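Asker: Before we start, here is the structure in question, set down as structure tokens.
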Amino acid sequence: MECRKEGENFQKLVDIVERLRRECPWDKEQTNKSIKNNLIEEAYELLEAIEENDNNKMIEELGDVLLQVVFHSQIKKDENAFDINTVIENLIEKLIRRHPHVFGDSQVKTQEEVLDQWHKIKQKEKQSILEGIPKRMPALTRAVKVQNRAAKVGFEWENIDQVWKKVEEELQELKEAKKQDEKIHELGDILIAITNLSRFMKIDPEEALHLSIDRMIKRFNYIEEKAKQMGKSLEEMSLQEMDNLWNEAKKMGY
């Protein structure tokens, strides 16, 4: 009975979106391109809800992400390209194909074996081991994915000391760069080397950067609050005063 209710609710959602596309002036004017950034925004809001472990927010944000999937599919249905059923059927077929240890005769027991099998199955479906990594993915995350894929076929540093050496080499090359395009190139190479270092340290560079940004915001908020208490605006404070408050916030654990 529960599965029937889920199916009925999902169909109701599909019907509502289809009606909105017919009757709402805003909805019927949208294209896949016009709402593409909405999906990214909703995904980030869901990520925040997950990190906060807020069930109510997760319910809302999962719904918003689901709406984007149904909305994009409805736009394509209106174009006679495909519909949500095509999306679901393709997903079901892929899940079954990539889990032969559940739906077939393959024998795997550990998470590592499952991931290795998943990777091998995916590679049979691709022309390049780097195919399928989204270009719009955050750059640090994209870099790690590219490096991990390359590492699976042996394109990898032997130890972390070699990675440290590469970071130092790239930093020196950036210092020596003269032209702006050379500086951009070398700065990018440093970031690539840093993401390699993060992999060897088993640290998510995207998460590490987010945490550092959060700390910066907390410390800067501390400076702002102290400035108010002193009756000053930030513009009236010297860099030394702000730096002293920054260090004070740092010592307090911000």
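The values are calculated or read from the model by the stated rules, or taken from the named source; none is laboratory data. Quick caveat: nothing in here was measured; it's all calculated off a predicted structure. Quick reminder, even Gly has a Cβ in these numbers, built from the backbone with ideal geometry, and neighbours come from all protein chains shown. These accessible areas exclude ligands, DNA and RNA; they are computed on the full protein's heavy atoms, side chains included. Shrake-Rupley method; radii C 1.70, N 1.55, O 1.52, S 1.80 Å.
Asker: Taking F220 and the conditions (1) surrounded by 12 or more Cβ atoms within 10 Å (Cβ to Cβ); (2) modelled with pLDDT under 95, which numbered condition does it fall short on, given that it satisfies the others?
Answerer: If we test F220 against (1) surrounded by 12 or more Cβ atoms within 10 Å (Cβ to Cβ); (2) modelled with pLDDT under 95, just (2) comes out false.
Asker: Among residues belonging to segment 91-129 that are basic (K, R) and open to solvent by less than 80 Å² (accessible area, probe 1.4 Å), point out the one that is farthest from A150 (Cα to Cα).
Answerer: Among them, the one singled out is K94.
Asker: Here's a follow-up. What tally of residues in segment 141-160 results from selecting those that are loosely packed, with under 10 Cβ neighbours inside 10 Å and either β-branched (V, I, T) or not in a loop (DSSP other than H, G, I, E, B) (or both)?
Answerer: Qualifying residue count for the region: 1.
Asker: A follow-up question, please. Of the residues R215, R219, R199, only one is under 23 Å from K145 (Cα atoms) and not small (G, A, S); which?
Answerer: Criteria check complete, one pass: R199.
Asker: I would also like to ask the following. If you check K232 against the conditions, is it at pLDDT below 95, surrounded by fewer than 16 Cβ atoms within 10 Å (Cβ to Cβ) and not aliphatic (A, V, I, L, M)?
Answerer: yes
Asker: Right, another one. Looking only at segment 67-79, decide whether some residue is modelled with pLDDT under 95 and surrounded by fewer than 15 Cβ atoms within 10 Å (Cβ to Cβ).
Answerer: No.
Asker: Restrict the check to segment 181-188 and report whether at least one residue is under 29 Å from L39 (Cα atoms) and among the charged types (D, E, K, R).
Answerer: no
Asker: Here's a follow-up. Does I184 count as within 21 Å of the chain's Cα centre (by Cα), of a type outside the set (S, T, N, Q) and closer than 27 Å to R149 by Cβ?
Answerer: No: the conditions fail for I184.
Asker: Is it the case, given these coordinates, that N90 is modelled with pLDDT of 95 or more, more than 29 Å from E125 (Cβ to Cβ), within 27 Å of the chain's Cα centre (by Cα) and of a type outside the set (K, R)?
Answerer: no
Asker: Let me ask something else. Among the numbered criteria (1) under 30 Å from T141 (Cα atoms); (2) open to solvent by 90 Å² or more (accessible area, probe 1.4 Å), which single criterion is violated by S212?
Answerer: (2)
Asker: Restricted to segment 7-40, and to residues that are within 23 Å of the chain's Cα centre (by Cα) and basic (K, R), which residue is surrounded by the fewest Cβ atoms within 10 Å (Cβ to Cβ)?
Answerer: K33
Asker: Could you grab me the full set of residues in segment 20-51 that are in contact with a helix residue (DSSP H, G or I) (Cβ under 9 Å, 6 or more places away or on another chain) and basic (K, R)?
Answerer: Answer for segment 20-51, where residues must be in contact with a helix residue (DSSP H, G or I) (Cβ under 9 Å, 6 or more places away or on another chain) and basic (K, R): R21, R22, K28, K36.
Asker: Same structure, new question: Please go through segment 191-209 and give me each residue that is within 27 Å of W246 (Cβ to Cβ), open to solvent by less than 60 Å² (accessible area, probe 1.4 Å) and under 17 Å from the mean Cα position of the chain (by Cα), ordered by number.
Answerer: S198, P205, E206, A208, listed by residue number.
Asker: Let me ask something else about it. Within segment 28-46, count every residue that is within 18 Å of N80 (Cβ to Cβ) and in contact (Cβ under 8 Å) with a residue 12 or more places away in the chain.
Answerer: Total satisfying the criteria: 3.
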